[in-house]
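Enquirer: Structure provided below as structure tokens; questions to follow.
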Amino acid sequence: MIVNMYVDHLMDQKPQNPEEVWNAAKLHGKLFSDAAERIGLTPREYHEFLADLLDGKAVYVRLPRRVDAMSGVRRGAVYAVHNAVMTQPVMGWRVRLADGNEVYVPQVCGNISLLRHAAVAVAPASPRSTAYHAPYTEAVASVPKETPVIMTPPQEAAPVVETAPVVAQAVSANHGPFTPFWFIPVALGGLVAAVNHGNTPPPCNQGSNAVGVCSK
């Protein structure tokens, strides 16, 4: 599934500077604090982030391709996409926290995101010792699956119904009188194509898809 943050934006208008992000966070305090909690920021980290926005510590940069978590909101439900991978270049602001973690704010949507820089344990060099490999193996296994993220206006759903009568008519011409049963596999094929293109709406508390819709 591709999550569309252009639709699931935290800010109603595209921010022009860090101060506007700060203003939105103050105006919609519950929304932003919930988003910070969802992506894994501690209260101390979140308050540091807000202070840095006003202190001139937010730098306008090209966001990294992948972040550990990106917040979003759909129909009032705040959620987080973990291991989010942006499919196109995205510009925004970076705030580097004292603990080494980085908070990113994409300019197109204002959805706060987190990139962690936690220390990674290194296994001892001795090939005879295997006791220290378990934590590393477990950490690799726990990495969540990458989720593609786009920040563009919703795509139009590909039409799949209009092609059905044409195919049915061709079948009728080659094999005698038309029967409505020929329409069934053609329609099913169209539905399968829609699913394969990511047009199946996910639950709204998990974001919108590429065409900007979700299910209740």
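Quick note: the coordinates plus some simple rules give every number you see, no bench work behind them. These figures come from a predicted structure and were not determined experimentally. With ideal geometry, Cβ positions are generated from the backbone for all residues, glycine too; neighbour counts draw on all protein chains shown.
Enquirer: Treating each Cα of region 24-66 as an identical point scatterer and ignoring solvent, apply the Debye formula and state log10 I(q)/I(0) at q = 0.27 Å⁻¹.
Expert: Log10 of I(q)/I(0), two decimals: -1.06.
Enquirer: Sticking with this one: Starting from the Cα-Cα distance between residue 54 and residue 37, subtract it from 0.36 nm times their residue separation and give me the gain in nm to one decimal.
Expert: Result: 4.0 nm gained on full extension.
Enquirer: Could you tell me which residue out of 67, 35, 7 lies farthest along the dipole of region 3-115 toward its positive end? Charges go on the beta carbon: Lys and Arg +1, Asp and Glu -1, centred on the Cα centre.
Expert: After comparing all options, I get 7.
Enquirer: Is the shape of region 3-115 best called rounded, prolate or oblate, per the rule: a/c under 1.5 gives rounded, else a/b larger than b/c gives prolate, else oblate, with a ≥ b ≥ c the square roots of the Cα gyration tensor eigenvalues?
Expert: In terms of gyration-tensor shape, rounded.
Enquirer: Right, here's the next one. Okay, which of region 1-22 sit inside 17 Å, backbone N to the point 7 Å along the Cα-Cβ direction of residue 87?
Expert: Only 1-9 fall inside the zone, counting backbone N under 17 Å.
Enquirer: Moving to a separate point now. Mind listing the long-range amide H neighbours of residue 212? Cut-off is under 5 Å, sequence gap 5 or more, other chains count too, H placed in the peptide plane at 1.01 Å from N.
Expert: For residue 212, the qualifying residues are 155.
Enquirer: Might you report the magnitude of the Cβ-based charge dipole of region 3-115 about its Cα centre, with Lys and Arg at +1 and Asp and Glu at -1, to the nearest 20 debye?
Expert: For this selection, approximately 320 debye.
Enquirer: Run the quick spin-label model on residue 20 and residue 152: label points 7 Å from Cα toward the beta carbon, then report their separation in nm to one decimal.
Expert: 2.3
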